[in-house]
Amino acid sequence: MSFPSTLLRRIKDEHRRTKKRLPELRAADVVLVSHAKSGRTWLVALISHVLHLTRGVPIDELWEGDNFQKFDPSIPRLYLTHDHNEPWWLRLRLPRLVRDKRLIVLVRDPRDVAVSWYYHNLGRSHARVRWRMGLPEDMSRVDMASFVTHPAYGVPGVVALLERWARIARAHPRALLLRYEDLRARTAEELARVLAFLGLEAPREAIEAAVAFASFDSLREKERTGFYRTEKLQARDPADPRSYKVRRGKVGGYRDELPAEVVARLDRLVAERLDPALGYAALAGSRTAASM
């Protein structure tokens with residue numbers, strides 16, 4: 001493809017997506033920001049099940065946009081964004097456009113994010129999304145170490161996104177910073193904190209039921225059987241583990257996946273560039289966890 005046609009295609013794609021996304025963002029009450037593969041689908045599944053138990057929304061539907069307002073108009077409208085997948089015009093203006101919303105910033109260890117994102121793009125992502133984000137067209141030719149150390153879409157890019165949104169959250173009047181690792185370690189307590197922030201308090205038994213309903217094994221089985229209506233939580237190929245949204249996953253699992261010299265390089269990068277207040281500079285041991 002020639003450069004002019006590629007550029008024209010990109011401009012048209014950006015314009016079309018901005019026209020669609022901007023009204024959705026302006027209408028939203030809550031904005032949930034994360035990098036891809038940071039646990040967003042899991043968090044939404046937890047909240048959705050609480051809303052099923054307390055507000056009567058369908059059990060097989062995930063909260064997004066205004067889809068739950070027809071069941072209960074008091075449920076906020078939710079805008080989901082990975083930031084790095086937004087049209088550039090919208091991405092530049094996101095900090096200003098979210099100023100009057102409730103803002104949840106979900107963060108995860110960028111080293112685990114990059115490894116999980118590698119697997120996602122290897123077995124699950126669409127070619128058009130990879131093209132849009134400047135990712136390799138043929139992921140089968142890309143080794144993991146090269147991917148996770150890439151300055152744009154590897155760990156350096158994830159660190160940059162987390163730094164950007166940690167700063168935005170600190171200056172935002174109604175923001176909640178949520179760590180994936182804390183949600184894994186204290187799921188019920190952190191879920192209750194999120195619900196309170198959203199004004200959606202629920203009884204303890206509903207929260208505990210949601211934690212059980214959206215456990216790793218339970219969600220993986222739901223993905224295998226196509227339980228949810230949305231393709232966001234459906235395996236591309238139930239016979240191919242790489243095509244699942246809910247992967248094997250471990251907190252600190254990047255250490256098991258990468259050569260020691262790459263691990264050391266990434267550890268130094270995170271320690272030097274990422275805000276220590278996020279808690280990822282310390283080199284924690286592995287703990288079993290779901291990666292979604």
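Among the conditions (1) touching a helix residue (DSSP H, G or I) at 6+ places or on another chain (Cβ under 7 Å); (2) of a type outside the set (A, V, I, L, M); (3) modelled with pLDDT of 95 or more, the only one that GLU261 does not satisfy is (1).
Checking ILE47, ILE59 one by one, the residue that is assigned to a helix (DSSP H, G or I) and either within 19 Å of the chain's Cα centre (by Cα) or free of Cβ contacts under 8 Å to residues at least 40 places away in the same chain (or both) is ILE47 and no other.
Residue pairs whose Cβ atoms lie under 7 Å apart, separated by 6 or more positions or on different chains, with the first residue in the range 106-124 and free of Cβ contacts under 8 Å to residues at least 60 places away in the same chain and over 20 Å from ALA281 (Cβ atoms) and the second buried (at least 23 other Cβ atoms within 10 Å of the Cβ) and not hydroxyl-bearing (Ser, Thr, Tyr), are TYR118/VAL148. Evaluation of THR41 against the conditions (1) over 19 Å from the mean Cα position of the chain (by Cα); (2) buried (at least 16 other Cβ atoms within 10 Å of the Cβ); (3) modelled with pLDDT under 95 shows that the sole unmet condition is (1).
Quick one: in the range 110-140, of everything that is loosely packed, with under 15 Cβ neighbours inside 10 Å and outside any helix (DSSP H, G or I), which residue is nearest to the chain's Cα centre (by Cα)? Here the residue is HIS126. Yes or no: VAL98 touching a Lys or Arg at 6+ places or on another chain (Cβ under 6 Å) and modelled with pLDDT of 90 or more? No. Within the range 146-153, the presence of a residue that is surrounded by 19 or more Cβ atoms within 10 Å (Cβ to Cβ), within 14 Å of the chain's Cα centre (by Cα) and not in a strand (DSSP E or B) is excluded.
Restricting the range 54-94 to residues that are over 24 Å from LEU219 (Cα atoms) and of a type in the set (A, V, I, L, M) leaves a set whose member that is surrounded by the most Cβ atoms within 10 Å (Cβ to Cβ) is LEU94. Could you tell me whether the range 10-28 includes any residue that is touching a Lys or Arg at 6+ places or on another chain (Cβ under 8 Å), surrounded by 13 or more Cβ atoms within 10 Å (Cβ to Cβ) and at pLDDT 95 or above? Scanning the range 10-28, I find at least one residue that is touching a Lys or Arg at 6+ places or on another chain (Cβ under 8 Å), surrounded by 13 or more Cβ atoms within 10 Å (Cβ to Cβ) and at pLDDT 95 or above, so the answer is yes. Of all the residues in the range 201-254, those that are assigned to a loop (DSSP other than H, G, I, E, B), modelled with pLDDT under 75 and of a type outside the set (A, V, I, L, M) number 9.
The values are calculated or read from the model by the stated rules, or taken from the named source; none is laboratory data. Since this is a predicted model, take the numbers as computed values, not measurements. Cβ: placed from backbone, ideal geometry, glycine included. Neighbour counts: every protein chain shown.
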